[in-house]
Structures are given as structure tokens and as C-alpha cells.
Amino acid sequence: MATIVIDHAAKNAVSVSCKHEHRPAAHDTTPSKDVAILPVTVNGVPISRKAIAAEVQNFPARNPGDGWGAAARALVIRELLLQEAKRLDIPLEPQTDEDGRVETSDDALVRALIEREAPTPVADEETLRRFYENNRRRFVTPPLYEADHILIAARRDDSNAFGAAREKAASIAALLVTEPDRFETLARDFSDCPSGALGGNLGQIGLGDTTPEFEAALAALTPGEISAPVETRYGVHLIRLVRRIDSRPLPFEAVRGRIAAYLDEHVRRKSTAQYIGMLIGRADIQGIALDGAASPLVQ
């Protein structure tokens, strides 16, 4: 089911958990006194301040005025779409997604309106292949590394423990300079990682599987080479690259679906933005300046 929802910047937020959490203070959705608030209407239909205040939570902003304006614009666009759906007598046919969730009436009307009035052209085979040929660098397998490591664990916020970990790792590194074949034995004896029992073997590692510092050090090694001590949030590592599997081009057939989905999304957003811009241009909107090209898109 293709659900139509307002695109929120909050989707890109990353949550961070910690052992000691404090309940955040209640978020004040009321704009400051410096922000001029005018009654907002769409073709004579008012958008209440209460509705805008409730919508603000979906639009994190640098200041209350920006958040208030973004929420008001989103509600204006939604009201425009609903008015147009009713004007065109769009049938109400809510859909159910694979998890059994049913669309709200408003969502169903907006989705059906966009599907009918701003249809998305489907890219043909020639277009898909042309995109593939013009973007071959995007369609490759990520590099893989087979590696071993020795971890001397310590927390960065414990300066004494981390300093001791540095010294211990440096001593092991000095020993490995003259006796590199002892890596597995030293991993079993000193590594604080469970991989130590396997001689430090981590198996195959892909991009994003380790910390940025570890990944950068690994990428700089040649097979058989042992790194200098590498510091991460887990402690200090000594890394040995066993084997590198370089990126390989993916055939068109393997990525055809991804290309089709990408082009479909791109064209759909563009056609939806143009349609919304047309509705804005012919509507009587009071209390807020709305530029169709810069408005939140319907996703």
C-alpha cells in the first residue's frame, strides 16, 4: 500500500541510548512572542493554532518560529489536497498494508487524488539501461576484508585505563615487528575480544561493520600487514589484514529493480511537487506565504 504522508525531517534523526537517561523537558510548541502569528486559512477554511501546535512536533527546527511555519505549511498543503479530493469526488477506498494497518480517511483521499491527478510515468527498459550505463560506479559490490585483531579494552572516559591500554598495545606492537608470526598466540593471550580465542580472527568484514577508525586503518593495510595501534571507543587495537576482496561490478539484471524504484520515486516526487504547486497557485491562502516549489512534498 502506498501511504501518502507528509515528509518529516525527523526521519533522519539518529537515536542514542545510554545507561543513565533523563526524561527530556516537555517540548514547548508555542512560538515565541517575536513570531507574528496571523490567522491561517485555505480557501476560507481556517487552520487552527491548536492543530499547528500539535503538528510542530513533526518539524524539528532551530527556533519555534521556523517549526511553527513548517507545521503550518504542511497543514495548508494537506487541506488543499483534501479540498481538491472532495471537489473531484474522489472515492474513499482505504487500503490495508501488509501489517494489517488501515489508512485513515484523509490519507486514503490524498493518496487516491495524487494517483489520479499526478500519475507517475513508468520508466521503460531503455531508460533503466541508460541510467545503469551512466552510473556504473554506483552499482558495485562493497569491498570485503578478512582480518584479525588484538583488542586491549578500555573506555576513553577513563584516562588512566586508556593510557595503560596504549602502553600495553605499544608493547605488543613492538614485539610483532620482530615476530609477526606470533600474532595468533598473542591474540589468545592478551586480546579482550571474544575473537581472541580464535587467534583474533574476525572473519569477513564489510563497510560499516566496524568503527570508522578501525575501518580506515583496515583499508590502508596490504594483505599480511599489521597496523600500528588503532584507538576506538572500545580500546586500542592491533589489526592484521589477511585478505582483501575488491569491489566487483554488479550486472544490470541484479540492480534493475533498484534503479526502477529510484527513478519511480524521483519522478513521483517531481510530479507531486508540480501538482501541489498548481493547487497553491490557484488557491486563496491567507496568513502564510507559500511557494509551491519550496513546500513540503507529499511522500
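The values are calculated or read from the model by the stated rules, or taken from the named source; none is laboratory data. Just so we're clear, the structure is a prediction, and the values are computed from it rather than from any experiment. Neighbour counts run over all protein chains shown; Cβ positions are idealised from the backbone, glycine included.
Does Ala187 satisfy the criteria of being of a type in the set (A, V, I, L, M, F, W, C), without any contact (Cβ under 8 Å) to a residue 24 or more places away in the chain and either in a helix (DSSP H, G or I) or assigned by TED's automatic domain parsing to the domain that holds Ile114 (or both)?
So Ala187 fails the test.
Consider only pairs whose beta carbons are under 7 Å apart and that are at least six residues apart or on different chains; among these, list those whose first residue lies in segment 242-254 and is more than 12 Å from Arg138 (Cα to Cα) and whose second residue is outside any loop (DSSP other than H, G, I, E, B) and aromatic (Phe, Trp, Tyr).
Every condition considered, the pairs that remain are Arg244/Tyr145.
So, Tyr145, is that one aromatic (Phe, Trp, Tyr) and under 30 Å from Gly199 (Cα atoms) or not?
Criteria met by Tyr145.
Tally time: how many residues in segment 124-158 are touching a helix residue (DSSP H, G or I) at 6+ places or on another chain (Cβ under 9 Å), more than 30 Å from Arg188 (Cα to Cα) and among the hydroxyl-bearing types (Ser, Thr, Tyr)?
Residues in segment 124-158 being touching a helix residue (DSSP H, G or I) at 6+ places or on another chain (Cβ under 9 Å), more than 30 Å from Arg188 (Cα to Cα) and among the hydroxyl-bearing types (Ser, Thr, Tyr): 2 in total.
Could you tell me whether Glu215 is part of a helix (DSSP H, G or I), acidic (Asp, Glu) and not assigned by TED's automatic domain parsing to the domain that holds Ala187?
no
With the condition kept exactly as written, say whether any residue in segment 104-112 is surrounded by 21 or more Cβ atoms within 10 Å (Cβ to Cβ) and in contact with a Lys or Arg (Cβ under 9 Å, 6 or more places away or on another chain).
The answer is yes; a qualifying residue exists.
List pairs: first residue in segment 55-70 and touching a residue at least 12 places away in the same chain (Cβ under 8 Å), second residue among the hydroxyl-bearing types (Ser, Thr, Tyr) anywhere in the structure, Cβ distance under 6 angstrom, at least six positions apart or on different chains.
Note: pairs meeting the criteria are Val56/Thr29; Pro64/Ser32.
Among (1) in a strand (DSSP E or B); (2) within 30 Å of the chain's Cα centre (by Cα); (3) not acidic (Asp, Glu), where does Ser247 come up short?
Status for Ser247: all satisfied but (1).
For segment 78-100, state whether one or more residues are over 19 Å from Leu290 (Cα atoms), of a type in the set (Asp, Glu), modelled with pLDDT of 50 or more and over 23 Å from the mean Cα position of the chain (by Cα).
yes
Conditions tested, residue by residue: (1) within 30 Å of Ala169 (Cα to Cα); (2) among the β-branched types (Val, Ile, Thr); (3) part of a helix (DSSP H, G or I).
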| site | (1), (2), (3) |
| --- | --- |
| Arg111 | no, no, yes |
| Arg116 | no, no, yes |
| Pro121 | no, no, no |
| Arg137 | no, no, yes |
| Glu146 | yes, no, no |
| Ile152 | yes, yes, no |
| Arg155 | yes, no, no |
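Would segment 122-142 turn up any residue that is acidic (Asp, Glu) and surrounded by 12 or more Cβ atoms within 10 Å (Cβ to Cβ)?
So far as segment 122-142 goes, no, none of its residues is acidic (Asp, Glu) and surrounded by 12 or more Cβ atoms within 10 Å (Cβ to Cβ).
Looking for something surrounded by 15 or more Cβ atoms within 10 Å (Cβ to Cβ), part of a loop (DSSP other than H, G, I, E, B), free of Cβ contacts under 8 Å to residues at least 24 places away in the same chain and not charged (D, E, K, R) - is there at least one such residue anywhere in segment 190-199?
No.
Results for (1) within 26 Å of the chain's Cα centre (by Cα); (2) exposed (fewer than 15 other Cβ atoms within 10 Å of the Cβ), shown as yes or no for each residue.
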position: Gly224; (1), (2): no, yes
position: Pro229; (1), (2): no, no
position: Ile239; (1), (2): no, no
position: Val255; (1), (2): yes, no
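Could you tell me whether segment 161-182 includes any residue that is part of a loop (DSSP other than H, G, I, E, B), in contact (Cβ under 8 Å) with a residue 40 or more places away in the chain, in contact with a His (Cβ under 8 Å, 6 or more places away or on another chain) and in the same structural domain as Gly224 (by TED's automatic domain parsing)?
No, because not a single residue in segment 161-182 is part of a loop (DSSP other than H, G, I, E, B), in contact (Cβ under 8 Å) with a residue 40 or more places away in the chain, in contact with a His (Cβ under 8 Å, 6 or more places away or on another chain) and in the same structural domain as Gly224 (by TED's automatic domain parsing).
Sort out which residues of segment 227-236 are out of contact with any helix residue (DSSP H, G or I) (no Cβ under 6 Å at 6 or more places or on another chain) and part of a strand (DSSP E or B), and write them in order of number.
Answer for segment 227-236, where residues must be out of contact with any helix residue (DSSP H, G or I) (no Cβ under 6 Å at 6 or more places or on another chain) and part of a strand (DSSP E or B): just Glu231.
Could you please let me know if Thr210 is closer than 25 Å to Arg155 by Cα and not in a strand (DSSP E or B)?
yes
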